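The values are calculated or read from the model by the stated rules, or taken from the named source; none is laboratory data. A quick note: this is a predicted structure, and the numbers were derived from the prediction, not measured. We place every Cβ from the backbone using ideal geometry, glycine too, and count neighbours over all the protein chains shown. Side chains are part of the model used for accessible areas, which takes the heavy atoms of the whole protein and leaves out ligands, DNA and RNA. Shrake-Rupley method; radii C 1.70, N 1.55, O 1.52, S 1.80 Å.
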Amino acid sequence: MALDRWIALILLGLCLAYGYTAWLTMDAELAPFMRRNPIWPSTFPKVLSILGVIASLIILLGLEKSSYEVGEIDYRRLGDYHLWQALLLLALMVAYALGLRPLGFLFSTSAFLILGSFILGERKWHVMLPVALIATFSVWYLVQEVLGIYMRPLPGFLGG
């Protein structure tokens, strides 16, 4: 079995476990007044688990293959791929998750977007910086002001 199908099989297992949690355990301890809401805290995880299962099955069954042949991933030649970019992005994601609360949303997300685009090869700083800053501020504003969900915008020592 090809590497992409092994990864899809692992993701299928994770999505099934996530879906089981979302469908059967997350809603058990909801307060009675929340049970009447049209959208529950488990709604988004349910949608994600369904989409993940569908995407994994599409890859497992080979339905994404087109008429032209794209080269298979050769796991014996992983050094020929840009593996360091993937590993750096994974490390950056972990650093983002760990730094989100102590550094605040605005700084953490801006740094993540800027460093992530730099790792992927973007070198146009005059484009990268405004796009990252506008995207970060827009998401924070929509979540904070429109949805009314508090997100710490600044680091704790700055009063955020």
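Here the chain is described by how far its Cα atoms reach on the three principal axes: 52, 48, 26 Å, from widest to narrowest. By the helix-only formula, in which each DSSP H run with n ≥ 4 contributes -39500 (n - 2.57) and the sum is divided by residues, the chain has a 222 nm mean residue ellipticity of -19000 deg cm²/dmol.
Average accessible surface for the chain: 73 Å² per residue, computed with a 1.4 Å probe over protein heavy atoms with every protein chain in place.
If you count, for each residue, the other Cβ atoms within 10 Å and average over each peptide, how do 52-65, 28-41 line up from highest to lowest?
Descending mean neighbour count gives 52-65, 28-41.
Between Leu98 and Leu48, the FRET efficiency from the beta-carbon distance, with R0 = 22 Å, is close to 0.50. With all protein chains in place and a 1.4 Å probe, the accessible surface of segment 13-124 carries 72 percent carbon and sulfur. Inverting the pair-averaged 1/r between distinct Cα atoms of segment 1-62 gives 12.7 Å as its Kirkwood hydrodynamic radius.
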